[in-house]
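The values are calculated or read from the model by the stated rules, or taken from the named source; none is laboratory data. What you see is a predicted model; the values in this text were computed from it and never measured. A quick note on method: Cβ atoms are made from the backbone with ideal geometry, for glycine too, and the neighbour counts reach across all protein chains shown.
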Amino acid sequence: MVASSVSSTKTEITLRLSEFEMPPMQDALIIGRKAPLGFEAAKRMVDIISPNKYEVIKVQHPTIEALVIRKALMRMVPRDRLISIILEEGGKVANETTIFKVQLSIVLCVSKTVEL
Amino acid sequence: MITTVSSIMEKDLITIESMDSVDNARQIMARKRIGCLPVMENGRLVGIITTWDIISSNPNRLVADVMTAPPIYVEPTASLWEAKEKMDKYCIERLLVVEKGQLIGLITKTKLYFEIAKHFDMLTQLNKKDYIIYEGVKLLKSGKEVSLIFIDIDGFGIIDKEYGHIFGDLILKEVSDLLKAKVPADCFLCRYGGDEFVVLTPYKRDKCMELAKELLDAISQHDYSIKVNITASAGISGGRREKSRFSVDYVDDIENLINLASLASTRAKRNKVSLVVADGFIPSKK
């Protein structure tokens, strides 16, 4: 007697849709020395995606190769100060292979005394 | 004539664009079994990518992000020693050859060392003529004084005939060891031919003559391993530098000085004196 068997394969497909952020980075990117994206690639990417909006900066750091920083931020905080803050904090979590997206929130507090 | 980089360079080069991926560079290098690729951008040489760059990089990266730039290169007219100096200085295994801004070739360290070995005398452990020309050209280019001592062992053929070539070689080795010990650190020594040695110095004529006498004395006073009296004759040239006497072809100038010194050493032998100083300047052979 010959045994018979029936088999079937089903594939379930799930789609998740979300909006592609333009530009894909926010305020800054921290690029590791062995990340898939390097200084040159980042430079060309931002030049194409958001011309004149970001500055790509090569840095001297043991694990971080470059920073991509929104230019508008550098008008609010001096460039070198901003770089050192991002490196100081980013350097604690970043490693050679990662690319980190950074959100920076800058609150300007102004206090004035006026004579009435 | 001096051996130049152009005679040993590889001309059929495979290049890669700077916007290509590291993974693509790796595949090309593996398929073609080569250790590096010159990197081009809009037809211009911008760097070089080697297996070392690839090993330590993410394969998704752009070649522009991992290449070594700016590229280290030599001109095709550079001598083998100039190329070696550059490779040693930058600790690199491959050197690009560029002429008028265009990439025309590449030399590997293995090929370069193989060629340089041809200009090294195994018996005496001394460089041959090309090395002296290279160092002489360097002295001329840097505006320094140049003088040459051409030393020829007297009656060396008789030693070979009476004692055999094995003992002849032994004497040559002993003479070269003597010269190595006596030649100052700022001078250069080579074995020119069979029983001939050349010393290149950055000295004026008088100081060069003093050195020549010292070397001849060392040769004649040494106690050799076979009981034989060895003397040598020497000719001196140069040491009276006047810019107008030199042409723009420094190789030709050094070859002229060697020729003058060799003729002077022949005159020394003929006149049975130990040292003759050459006068005049032989016109370029071109």
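Structure data summary
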| quantity | calculated |
| --- | --- |
| Test result for B:VAL137, more than 29 Å from B:ARG270 (Cα to Cα) and at pLDDT 95 or above | no |
| Filtered residues of the range A:43-70 (kept if buried (at least 20 other Cβ atoms within 10 Å of the Cβ) and under 19 Å from B:SER56 (Cβ atoms)) | A:ILE64, A:GLU65, A:ALA66 |
| Any pair with Cβ under 9 angstrom, 6 or more apart, that starts in the range B:63-92 at a residue that is outside any helix (DSSP H, G or I) and ends at one that is among the acidic types (Asp, Glu) | B:MET67/B:ASP53; B:THR68/B:ASP53; B:VAL74/B:GLU82; B:GLU75/B:GLU82; B:GLU75/B:GLU99; B:PRO76/B:GLU99; B:THR77/B:GLU99; B:SER79/B:ASP130 |
| All positions within the range B:25-43 that are touching a residue at least 24 places away in the same chain (Cβ under 8 Å), away from chain A (no Cβ under 14 Å) and over 17 Å from B:THR108 (Cβ atoms) | B:ARG26, B:MET40 |
| Candidate set: the range B:213-235, residues that are in a helix (DSSP H, G or I) and not β-branched (Val, Ile, Thr); chosen: the one surrounded by the most Cβ atoms within 10 Å (Cβ to Cβ) | B:LEU215 |
| Every residue from the range B:101-137 that is charged (D, E, K, R) and touching a Phe, Trp or Tyr at 6+ places or on another chain (Cβ under 9 Å) | B:LYS128, B:LYS129, B:ASP130, B:GLU135 |
| Candidate set from the range B:22-56 (those that are buried (at least 19 other Cβ atoms within 10 Å of the Cβ) and of a type outside the set (A, V, I, L, M)); member that is farthest from B:GLY101 (Cα to Cα) | B:ASP53 |
| Long-range neighbours under 9 Å by Cβ, at least six apart or interchain, first residue more than 15 Å from B:GLY155 (Cα to Cα) within the range B:211-235, second in a loop (DSSP other than H, G, I, E, B) and of a type in the set (Val, Ile, Thr) | B:LEU211/B:VAL183; B:LEU215/B:VAL183; B:HIS222/B:ILE230; B:TYR224/B:ILE230 |
| Only one of A:ILE30, A:ILE86 that is farther than 22 Å from B:PRO59 by Cβ and crowded, with 21+ Cβ neighbours inside 10 Å | A:ILE86 |
| Residue within the range B:4-23 that is assigned to a helix (DSSP H, G or I), more than 35 Å from the chain's Cα centre (by Cα) and among the aliphatic types (A, V, I, L, M) present | yes |
| Whichever residue in the range B:58-117 is within 14 Å of chain A (Cβ to nearest Cβ), in contact with an Asp or Glu (Cβ under 8 Å, 6 or more places away or on another chain) and not hydrophobic (A, V, I, L, M, F, W, C) and, among such residues, is surrounded by the most Cβ atoms within 10 Å (Cβ to Cβ) | B:ASP65 |
| Members of the range B:117-131 that are aliphatic (A, V, I, L, M), touching a residue at least 24 places away in the same chain (Cβ under 8 Å) and not in a loop (DSSP other than H, G, I, E, B) | B:LEU126 |
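For every residue, the table says whether it meets (1) in contact with an Asp or Glu (Cβ under 9 Å, 6 or more places away or on another chain); (2) under 30 Å from B:ASN259 (Cα atoms).
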residue: B:MET1; (1), (2): yes, yes
residue: B:SER7; (1), (2): yes, yes
residue: B:MET29; (1), (2): no, no
residue: B:MET40; (1), (2): yes, no
residue: B:ARG44; (1), (2): no, no
residue: B:THR50; (1), (2): yes, no
residue: B:SER56; (1), (2): no, no
